[in-house]
Each structure stands twice: as C-alpha cells, then as structure tokens.
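Asks: Structure in structure tokens, see below.
The values are calculated or read from the model by the stated rules, or taken from the named source; none is laboratory data. As the structure is a computational prediction, the values presented were derived from the model and not from experiment. Ideal geometry is used to build each Cβ from the backbone, glycine not excepted, and the neighbour counts take in all protein chains shown. With ligands, DNA and RNA removed, areas are computed over all heavy atoms of the protein, side chains included. Shrake-Rupley method; radii C 1.70, N 1.55, O 1.52, S 1.80 Å.
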Amino acid sequence: MKTLDDVDVEDKRVLLRVDFNVPLDGGHITDDTRIRAALPTIEELRGRGAKLVLASHLGRPKDREPELSLRPAAQRLGELIQAPVQLAPGVVGDEVRAEADALRPGDVLMLENVRYEPGETKDDPGLAHGLADLADVYVNDAFGTAHRAHASTEGVAHLVAQHAAGRLLEREVDTLEGLFKSPRRPLVAVLGGAKVTDKIGVIDRFLEVADALLIGGAMAFPFLSVQGHAIGDSKCSEDDLEPAKRALAAAQRAAKPHARHPGSPDRAAAASSGWCRFELPVDLVLGDRFDAGAEVRPLDGVDVPAGWMGLDIGPRTAERYAQDIAGAGTVFWNGPMGAFELAPFAAGTKVVAQAVADSPAETVVGGGDSAAALHRFGLADAVTHLSTGGGASLELVEGKTLPGVEALR
C-alpha cells in the first residue's frame, strides 16, 4: 500500500479524505477524537508544503440539512492547528475548484459534507471526477469509512495518479493485519457485543490463529443455548443459533484437550500448532429487565431462570478472562462483556478493560463500543492501538477486502 513516503506533495493540491463524522449537540462537537486522530497526517502534509483540500462526511443527510454541515468541524480543526480552515460552499463545482486553485502551501480548505451529494454513497463516477479535479494528489486517512466503496473513498483514488494512505490509515492497516502475520504469543482475542452473525467471520478467523478466544456479552447466549443451557429472557436471536452451532463445532476441532485452562504450559505454543482454546462465561449477573433500576441477581452458573436476563459476565468469568489477558503477548478486544452503559451491569466490561489497559502485551481494541467503554473508564490512552473504525476494523480482521484500502495498493 502506498503511503505518504511515496508521494511528492510540495506545492501540490492534496485531496485528503478524513473521518470527521463527530458527535454534535446543538451544533457543538461533544467529542473531537476523530479530528485529533487526523492531526499527524494534516500537520505532516502542511509541513511538506501541501495545499490541503479536506473531504469528510457527517451523519446521513437526506438533503442538505444545515445541522449536518461540517462548519463546526472546520472551526475545531482551525483551533487545533492554530490556522484558518476555510469551509467551501459545496463539495464540487466551479466555485469550489476556484477556491482549491487559490490555495497556497500550508493552506487548508474543507469541502462541505460529501454526503450532501447523492452520488457519494453510490460511488458515482461523475462525483469522483469532480473530486479528482480538485487534486494533484489523493490521500485517504479515513479508516472508519475504508470498508465503503464511495466516491470519496474509492472512486476518486483511481482517477488521481498520485495516491496514498495517510498515517492513521497506514497504522490501522499495519496493526490489524499484523495480528495475523507475526503476533507475539499467546494471542488472546476477546469478543463481545450483541450478535453472533455480526462477528462469525471474526470468530472463524481467530479460531484459526489465536491461542484463546474469550466470548462475552449478549453474543454468549446463542452459544449457551445450543449447548442446552436455559437462557431465560436473555437476548438471543433465532438467526444466531445456527452460526453459533457451527462455530462451536469448529471450536471443538480447534481445542487441544490439555491446553484448555489458564496457566497451561502449552498455551503459548497452542496456535502455532493450530489449537485454540474457546471460552464461554461460567457465571453471570442477571437483571429482571434491561434498565439501570432493574433488580440484580448474581448467578453462579449459566442457566438463566425464566423472567431473568443475563446482562453481564460474572466475577469468576471476568477474573478468568483477566488472567488470560495478563498472560498474553497480543490482545485483540472488540465488544463489551455486558450492558456496561447500565451501572449495575458494567463490572465485567470494566474488569476486562482494566486488564487490557494493564497488560504488558500489544493491545489492540477494535473501536465501536469497546472504544466507548475505554473512554468511559478513562483507559483510552492505556492501550497500544485504539482503532477509529468499528466496522472497518472487523472486516479487515475477518480477512475481507476494504475498497478504500485496495484502491491505494
């Protein structure tokens, strides 16, 4: 994949695709993490004399809703780089082209929300050509949208002779692909969240390469159900049962009988021999409803009685998982261990998050709710790599081709 090291940007117009899809409240940015994540690339390009034209989406506009304008993002970026950031009157067109042509080295122009143009999500060739007219060099640093074949992430890359990955996208791809090339052993994957179907490809991939795969969150219940356990009112979609059954069969084939417990001397060598230990919760925290005010009941076991739902892993499970994480050489975590947004059911996710933060291993967290949990517990700066792309990171880990990445190869 071409990177900034492979392109000449001095005195060139550089169309830089960033991910400034930031949360807003009344026109005010409530979390500028995504803007800050792009700063290394922005500052490097400015320092090398580039004329920057920034492109991003914000939300899912149906028309040109003013509340989805990128003006707040342009203002915040200007504060961070301590330089003016001009907001273009649109995405493409003669007026925008004139403003791009008038840029001087180090200047920054931000296009309006690219999804104001209906052709963006359709990878419309006309829009891609319009964007290409603004650029001598194209750089994609928006890993969070790299799994989408859109005009500003894929189409335009084929139309600009010089194209490259920004530093953020480069680091994301190198880190996530590195999980499967030469990870420090043991490799421990921790997967949570709601649905098995959303992560079945990731589960299959880690069963092939990981030393241990630890399952938590609501997605544990389809596995427990097909094992014959009662799950009460716990969240369990019917379409998750068959994938869970297949994954359990694959896990059984991958399990080495004498390497199934933490502390086994064979754990570090397990994956190199094609073995993976597959772990499910052994205890739970139950609630009578999905609510912070629910009645709470600990369960020493996993058979959930009628009228109750499993909303967190229990303390024994959390401790087992923490021990695996502490002994790992590489950790990948994606998905909470329970309903961490509800205080009575946050303990399991917090224990896992703290274990990941305390681990001396290379720790990679796959964005989404896992990133939200790290921020909630004040641990976001304590991991090796916190991905900016939830869906994109999962697809790359699963082994899928990301259009925005392939266009740069």
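Okay, residues lined up against (1) under 20 Å from the mean Cα position of the chain (by Cα); (2) small (G, A, S); (3) open to solvent by 10 Å² or more (accessible area, probe 1.4 Å):
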{"position": "V304", "(1), (2), (3)": "no, no, no"}
{"position": "W308", "(1), (2), (3)": "no, no, yes"}
{"position": "Y321", "(1), (2), (3)": "no, no, no"}
{"position": "A326", "(1), (2), (3)": "no, yes, yes"}
{"position": "F332", "(1), (2), (3)": "yes, no, no"}
{"position": "G335", "(1), (2), (3)": "yes, yes, no"}
{"position": "A343", "(1), (2), (3)": "no, yes, yes"}
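Asks: Please state which of the following conditions A322 fails to meet, knowing it meets all the rest: (1) outside any helix (DSSP H, G or I); (2) of a type in the set (A, V, I, L, M, F, W, C); (3) under 13 Å from L214 (Cα atoms).
Replies: (1)
Asks: Just give me the residues in the stretch 287-302 being surrounded by fewer than 22 Cβ atoms within 10 Å (Cβ to Cβ), in contact with a strand residue (DSSP E or B) (Cβ under 8 Å, 6 or more places away or on another chain) and within 14 Å of A346 (Cβ to Cβ), in sequence order.
Replies: Of everything in the stretch 287-302, those that are surrounded by fewer than 22 Cβ atoms within 10 Å (Cβ to Cβ), in contact with a strand residue (DSSP E or B) (Cβ under 8 Å, 6 or more places away or on another chain) and within 14 Å of A346 (Cβ to Cβ) turn out to be F290, A294, V296.
Asks: Just to be sure, is V351 out of contact with any Gly (no Cβ under 6 Å at 6 or more places or on another chain), open to solvent by 10 Å² or more (accessible area, probe 1.4 Å), under 26 Å from A146 (Cβ atoms) and of a type in the set (V, I, T)?
Replies: no
Asks: Could you list all residues from the stretch 121-147 that are of a type outside the set (A, V, I, L, M, F, W, C) and surrounded by 24 or more Cβ atoms within 10 Å (Cβ to Cβ)?
Replies: Answer for the stretch 121-147, where residues must be of a type outside the set (A, V, I, L, M, F, W, C) and surrounded by 24 or more Cβ atoms within 10 Å (Cβ to Cβ): Y138, N140, D141, G144, T145.
Asks: Regarding the stretch 133-145, can at least one residue be identified that is of a type in the set (G, A, S) and in contact with a strand residue (DSSP E or B) (Cβ under 7 Å, 6 or more places away or on another chain)?
Replies: Yes, some residue in the stretch 133-145 is of a type in the set (G, A, S) and in contact with a strand residue (DSSP E or B) (Cβ under 7 Å, 6 or more places away or on another chain).
Asks: Inspect the stretch 222-243 for any residue being modelled with pLDDT of 95 or more and on the phi > 0 side of the Ramachandran plot and give the result as yes or no.
Replies: Yes, the stretch 222-243 contains at least one residue that is modelled with pLDDT of 95 or more and on the phi > 0 side of the Ramachandran plot.
Asks: Against the definition (touching an Asp or Glu at 6+ places or on another chain (Cβ under 6 Å) and more than 18 Å from R13 (Cα to Cα)), how does R64 come out, yes or no? So that I can check it myself, show each step before the final result.
Replies: Working: touching an Asp or Glu at 6+ places or on another chain (Cβ under 6 Å): no; more than 18 Å from R13 (Cα to Cα): yes.
No; evaluated as a whole, the condition is false for this residue.
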